[in-house]
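Laboratory data are not the source of any read-out in this text; all were calculated from the coordinates shown. Because the structure is a prediction, the values reported are computed rather than measured. Please note: Cβ atoms are built from the backbone with ideal geometry, for glycine as well, and neighbour counts cover all protein chains shown.
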Amino acid sequence: MQALKKILLGEQGLVVIFALAFVIVSLFVPNFLTERNMLGLLQSVVTIGIVACTMMFCLASRDFDLSVGSIVAFSGMVAVMASNATGSILLGLLAAIACGAVVGFINGVVIAWFRINALITTLATMQIVRGFALISSDGRAVGINDPAFYDLALSRFLGVPTPVWVMGIFFVIFGFVLNRTVFGKNTLAIGGNPEASRLAGVNVVTMRIWIFALQGLVCGVAGILLASRITSGQPNAATGLELSVISACVLGGVSLAGGRAAMTGVIVGVLIMGIAENVMNLLNIQAFYQYVVRGIILLIAVLLDNLRVSAAVRGRR
Amino acid sequence: MADFLEFNGISKGYPGVQALSGVSFGVARGAVHGLMGENGAGKSTLIRLLSGDQQADQGEIRIDGKVQAYTSVRDAFDAGVIVIHQELQLVSELTVAENLWLGRFPATAGTLDRKRLLSEVGEKLRDFGIDVSPSAKIASLSIGERQMVEIAKAVMLDARVIALDEPTSSLSSKESEILFSLIARLKARGTVILYVSHRLDEIFRLCDSMTVLRDGKLAAHHPDISQITRDQVISEMVGREISNVWGYQARELGQVRLKVESLSGDRLAQPISFEVRAGEILGFFGLIGAGRSEMTRLLYGADVRRAGQVTIDGKTVPADSPPAAIRAGLVLCPEDRKHDGIVQGRSVEENISISARRLFSPLGLIRPKKEAELADRFIARLKIRTPSRQQDIVNLSGGNQQKVILGRWLAEEGVKVLVIDEPTRGIDVGAKSEIYALLYDLAATGMAIVVISSELPEVMGITDRIQVMCGGRVTREFQRADYDERTILAAAFPDATKGAA
């Protein structure tokens, strides 16, 4: 029992749980372990996975961002509308990414500069930006004029869809940034002890603004890929994304109290979310039940986080 | 010779307080300079200005003749000024090496240079005889080791001026010795050290010169510390003579009030039994980690008791909850006042009535008049210095916060046993003797008092009897008549236990 506890709450606990779940699901769920389903599964977690990369930084620095779902929808709209208006996909993409980054930057300035609680600030921008998405399209989906836009999501490289590649590259980049760069270490330091970091000469305010701006920018990328996959700009896309993303991060061992995060954990967290949904689809479980399951997974994740922290505290004494 | 570090006419005001007014003094190159003063005298403010965290309203700081106009902690670093704060400023989830580099990681194009990160730190730590691994996480280090890491940080930065704010407040005497030898090495390199402490022994042992602040003004400056006496410094600090800080008086002891039998918990090596009589002040002394605070928490029901019985006047105190202990008449003034004692952000009044209000609020309704009355009564009785009972408690000095917590328990009325952990940690001399006097008064009314302290002079000065703890067990007991600094200290060291057992 003690040994089991140690494994489950330790550094690699999540990977163990994931491996077990994967084996069990492969054995008992028909059609799960097929190339087609695996690729589909990966494709289904692209949005969550990409946004989770930067959400990890947000949480690690003791912050919080609820506006990601709205930014994804809004930047998707911008990508489509700007491409249609200018006739250039590239301009559309740049516009979308810029819009995302601007919203994130505003979040960061309000939170870090004016010291407004992140929960409240992003709750506000979440609604404002969703409003922009609806206003700009009058509440309707906007179709894509240039079919080349679809290729972003449909094209494949070595048999694997481009968005999955993008997600993989993001995982690598942000894993590197977290562990091997000054930016990453400062992020963890701020979350671990903001006052100490400030007194050590880390510019905490600028760092936090950067983290939010980066979060917005990455949401822009996710929004573009999502729009391409659903072949239109949808103002109601990605509702509830923020909760899935935060669930995935917390499930991946990112501490809500800040200071603790690992890219591998987040990847596993994202995959667990994806597998849960994928399996429920394969087993023809009604969509309504999926909400319940998602909620339960989030609860378990938070409880695990709590256990892990108290285990760590006990170990220290 | 001109002084290396100079403060010229420094003034700093906060809303409602003039923290510093026109303070000027200098420190020579390679000197260890003591900075003393009661809480609220302006030491912390001066340190804050030096650290670059805040800026003076008037006056200038000069280093090596050059005026320092820095406006951030970062600028101060670059000028070679490092302040090591009382509450250690380390990030516990990062490693030793990462903490040492925090704020200026070695990197090319943002990518960490991991080799340099570890190797340079390892070298510096070895150079200074600091025995910690650069790749260890801070969370895994003891408080003493963390302090060493803080100092190593200053060394890493080739600091020209290092200010240490109460560096030994949480160190064991062995760890303090390591710190002192570090300071000697830094001094030999010509570093100026500004040493802030309440402990006169340390100041006299380490410092070449010293400055005393009082009420934000320069009270005295002594360029040569060998020319002055302790009593002189104390009277300069408080502005009046204090002949005997402890003021101990013998008391009549009554019946056994508190009886503890085989108290055991996860972090105690052996069950602990002892008795305290009415009117008696029993001291527990031990080094950090000796198990004193663990014992206290078990007694109060803050941690789970594995076995054992605690009785007050023959009545059993329930094992598992602080509220039950309070109802039984046992109260605790905790060690970490800021964290476990005061309710930050709430008024003095609320901090006093937080527990006792249940006595006059049977339906759970607050009775503002009663609470105000209660607060005013204890503010007057305990001489709590606060502008009003509505003042936020965080704005009070340490001594006054401790008085508020005492007031909180005295308001209970039925208190029979008072347990007070580190009664005067971070409290200045003047307020110290007031708190001791209060303890004697309470003991004289028949209360049984248990004092836990890591300051031997304090334990010896105010108690009737001492139990010495080491490694989670009680190693020896001393009666007041037999108090001897060396034997008590010997009983507190791990080696002595082995000899005895």
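General observations
- With Cα atoms, 0 to 90° folded angle of helix B:348-360 axis to chain B main axis: 20
- Amide H partners (placed H, <5 Å) of residue A:155, local residues excluded: A:162
- Shielding score for A:187-196, defined as the mean number of other chain Cβ atoms within 10 Å: 5
- For chain B, the relative contact order comes to 15 percent (Cα pairs under 8 Å, sequence separation of at least 6).
- In degrees, nearest ten, helix B:114-127 long axis to first principal axis of chain B (Cα): 80
- Within 10 Å of the Cβ of each residue in B:136-149, the mean number of Cβ atoms contributed by other protein chains is 1.
- Nearest-ten-degree value, helix B:143-156 long axis tilted from longest Cα axis of chain B: 10
- Label-point gap, in nm, between residue B:363 and residue B:86 - each point 7 angstrom along Cα→Cβ: 4.5
- Put simply, the amide H of residue B:107, placed in the peptide plane, has neighbours under 5 Å in B:113, leaving out anything fewer than 5 places away on its chain.
- Highest to lowest packing among B:277-284, B:173-180, scored as the average C-beta count within 10 Å: B:277-284, B:173-180
- Scoring A:268-277, B:342-351 by mean Cβ neighbours within 10 Å over their residues and listing the highest first yields A:268-277, B:342-351.
- Remark: A:61, B:197, A:88 ranked as A:88, B:197, A:61, counting other beta-carbon atoms within 10 Å and listing the fewest first.
- Distance from the C-alpha centroid of segment B:57-136 to that of segment B:196-267: 32 Å, rounded to the whole angstrom.
- Each residue of segment B:80-95 was assigned a 3J(HN,Hα) from its phi angle through the Karplus curve 6.51 cos²θ - 1.76 cosθ + 1.60 (θ = phi - 60°); the sequence is x, 10, 10, 10, 9, 7, 4, 7, 4, 10, 10, 9, 6, 8, 9, 7 Hz, with glycine and proline shown as x.
- Of the residues B:401, A:40, A:81, the one whose Cα sits farthest towards the positive end of the charge dipole of the protein assembly as shown is A:40 (charges of +1 on Lys and Arg Cβ, -1 on Asp and Glu Cβ, taken about the Cα centre).
- Of the DSSP H helices in chain A, those whose Cα atoms cover at least 30 Å axially and whose Kyte score averages 1.0 or more: A:204-229, A:287-316
- Centroid-to-centroid separation of segment A:72-110 and segment B:428-501 [C-alpha atoms, Å]: 69
- With neighbour counts taken as other beta-carbon atoms within 10 Å, the residues B:141, B:359 rank, fewest first, as B:359, B:141.
- Taking the DSSP bridge list for segment B:5-238 and keeping only pairs wholly inside it, about 60 percent are antiparallel.
- Think of it as helices only: each DSSP H run of n ≥ 4 in chain B is worth -39500 (n - 2.57), and spread over all residues that comes to -10500 deg cm²/dmol at 222 nm.
- Antiparallel DSSP beta bridges within chain B, percent to nearest 5: 55
- Remark on residue B:163: its backbone amide H falls under 5 Å from those of B:82, B:83, B:84, B:194, a criterion applied only to residues 5 or more positions apart or on other chains, H modelled at 1.01 Å from N.
- Length-normalised contact order for chain A - Cα pairs under 8 Å, 6+ apart - percent: 32
- Spatial separation of Cα centroids for segment A:15-33 and segment B:164-192, in angstrom: 57
- Phi-derived couplings, Karplus 6.51 cos²θ - 1.76 cosθ + 1.60 at θ = phi - 60°, listed residue by residue for segment B:400-409: 6, 5, 4, 5, 4, 5, 4, x, 4, 7 Hz, with x used for Gly and Pro.
- Those chymotrypsin sites (Phe, Trp or Tyr not before Pro) in segment A:217-317 that DSSP places in a loop and that have at most 14 other beta carbons within 10 Å: none
- Size descriptor, Kirkwood hydrodynamic radius, that averages inverse alpha-carbon separations across segment A:1-118, Å: 17.9
- Peptide B:107-113, shielding by other chains (average Cβ, 10 Å cutoff): 4
- Among beta bridges that DSSP assigns inside the protein assembly as shown, antiparallel share in %, nearest 5: 55
- Checking the cross-link pairs B:315/B:403; B:43/B:338; A:185/B:153; B:338/B:383 against a 25 Å limit on the alpha carbon distance flags B:315/B:403 as lying beyond it.
- Protection proxy ranking of A:160-169, A:69-78, B:445-454, by the mean of other Cβ atoms within 10 Å over each peptide's residues and highest first, is A:69-78, B:445-454, A:160-169.
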